[in-house]
1. Among the residues of the range 160-176, which ones are touching a helix residue (DSSP H, G or I) at 6+ places or on another chain (Cβ under 6 Å) and either open to solvent by 90 Å² or more (accessible area, probe 1.4 Å) or more than 24 Å from Ala195 (Cα to Cα) (or both)?
2. It is to be established whether one or more residues within the range 119-130 are farther than 30 Å from Ala75 by Cα and in a helix (DSSP H, G or I).
3. Inspect the range 143-151 for any residue being among the hydroxyl-bearing types (Ser, Thr, Tyr) and open to solvent by 60 Å² or more (accessible area, probe 1.4 Å) and give the result as yes or no.
4. Any residue that is of a type in the set (Gly, Ala, Ser) and either within 30 Å of Lys111 (Cβ to Cβ) or part of a helix (DSSP H, G or I) (or both) - is there at least one of those in the range 184-192?
5. Condition first: open to solvent by 70 Å² or more (accessible area, probe 1.4 Å), more than 30 Å from Pro159 (Cα to Cα) and either outside any helix (DSSP H, G or I) or touching a Lys or Arg at 6+ places or on another chain (Cβ under 6 Å) (or both). Can you find one or more residues in the range 32-49 that meet it?
6. Keeping to the range 89-125, report how many residues are charged (D, E, K, R) and loosely packed, with under 15 Cβ neighbours inside 10 Å.
7. Here is a list of conditions, (1) of a type in the set (S, T, N, Q); (2) modelled with pLDDT of 75 or more; (3) within 19 Å of Gln105 (Cβ to Cβ); (4) open to solvent by less than 70 Å² (accessible area, probe 1.4 Å), and Gln80 meets all of them except one; can you say which number that is?
8. Taking the conditions exactly as written (under 30 Å from Lys173 (Cα atoms), of a type in the set (Ser, Thr, Tyr), in a helix (DSSP H, G or I) and out of contact with any strand residue (DSSP E or B) (no Cβ under 6 Å at 6 or more places or on another chain)), does Thr102 satisfy them or not?
Amino acid sequence: MLKKLTGLALVGALILSVPVAAFAENAQGTTAPSKSSSSHALKQSLQEKAKSLGIATEGKTNAQLKAEIQAAVSANHLAQLKKAAEKLGISTEGKSAAQLKTELQAAEQAKLNTKAAKNGVSTEGKTNKEIKADLKAASLAKLKDQATKAGIATEGLTPEQIRAALKAAQQAKHTASINQKAAKLGISTEGKTTAQVLTEIKNALKAKSENKTKK
């Protein structure tokens, strides 16, 4: 569930973002640069930004570059919004960035409320940030409960460490079960991988079945 929450956070960040050109006409500092040096720095900054966006800079004024950079940034932002909308099954045909933002916000809210309801988390009077925090806490509590049932101490462990411990415990249980089956069939497991043991078990059972058929 924490991964899903991360996905929601990314969508939320995209919705809240505003396409802005990554340049400034005046740099703040203790010493004001000369007009010519400021103009040169601005020109260089605009050209670098333009090149990063695949915009040709040859023979263009600062005003032209600014306009093209703004248009490219807005187009990229709209493309990102469309991509996020399509993932959520939202139609993007003929819609502006503002319309897509509104629909993405509504979709995010609906998904968040559904997750909250499934996990017994109340949304009454809470902000999305508070709901996400409560969902994260609920997920962690569930994870710790699973670990406790598996005999794993969770004190001082991060969620990632708890997941790793649970995975290791599950793998150990799986391996023990396979080794037990191998022992019943007289198969040695010494120095063998789980995959190798499974192959030998499969072959042994097949041979056993064929022998019964012959009899």
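The values are calculated or read from the model by the stated rules, or taken from the named source; none is laboratory data. All values reported here derive from a predicted model rather than from experimental measurement. Ideal geometry is used to build each Cβ from the backbone, glycine not excepted, and the neighbour counts take in all protein chains shown. The protein model used for the area step is the full one, side chains on, heavy atoms only, and it has no ligands, DNA or RNA in it. Shrake-Rupley method; radii C 1.70, N 1.55, O 1.52, S 1.80 Å.
1. Ile162
2. yes
3. First, pick out the residues of the range 143-151 that are among the hydroxyl-bearing types (Ser, Thr, Tyr): 148.
Still in the running and open to solvent by 60 Å² or more (accessible area, probe 1.4 Å): 148.
Among the residues of the range 143-151, at least one is among the hydroxyl-bearing types (Ser, Thr, Tyr) and open to solvent by 60 Å² or more (accessible area, probe 1.4 Å), which makes the answer yes.
4. no
5. Let us first name the residues in the range 32-49 that are open to solvent by 70 Å² or more (accessible area, probe 1.4 Å), namely 32-33, 35-36, 40, 44, 48.
Checking which are more than 30 Å from Pro159 (Cα to Cα) leaves us with 32-33, 35-36, 40, 44, 48.
Okay, now just the ones that are also either outside any helix (DSSP H, G or I) or touching a Lys or Arg at 6+ places or on another chain (Cβ under 6 Å) (or both), so 32-33.
Looking for residues that are open to solvent by 70 Å² or more (accessible area, probe 1.4 Å), more than 30 Å from Pro159 (Cα to Cα) and either outside any helix (DSSP H, G or I) or touching a Lys or Arg at 6+ places or on another chain (Cβ under 6 Å) (or both), one finds at least one in the range 32-49, hence yes.
6. Summing the residues that are charged (D, E, K, R) and loosely packed, with under 15 Cβ neighbours inside 10 Å in the range 89-125 gives 3.
7. (4) is the only condition that Gln80 fails.
8. Spelling it out, it is not the case that Thr102 is under 30 Å from Lys173 (Cα atoms), of a type in the set (Ser, Thr, Tyr), in a helix (DSSP H, G or I) and out of contact with any strand residue (DSSP E or B) (no Cβ under 6 Å at 6 or more places or on another chain).
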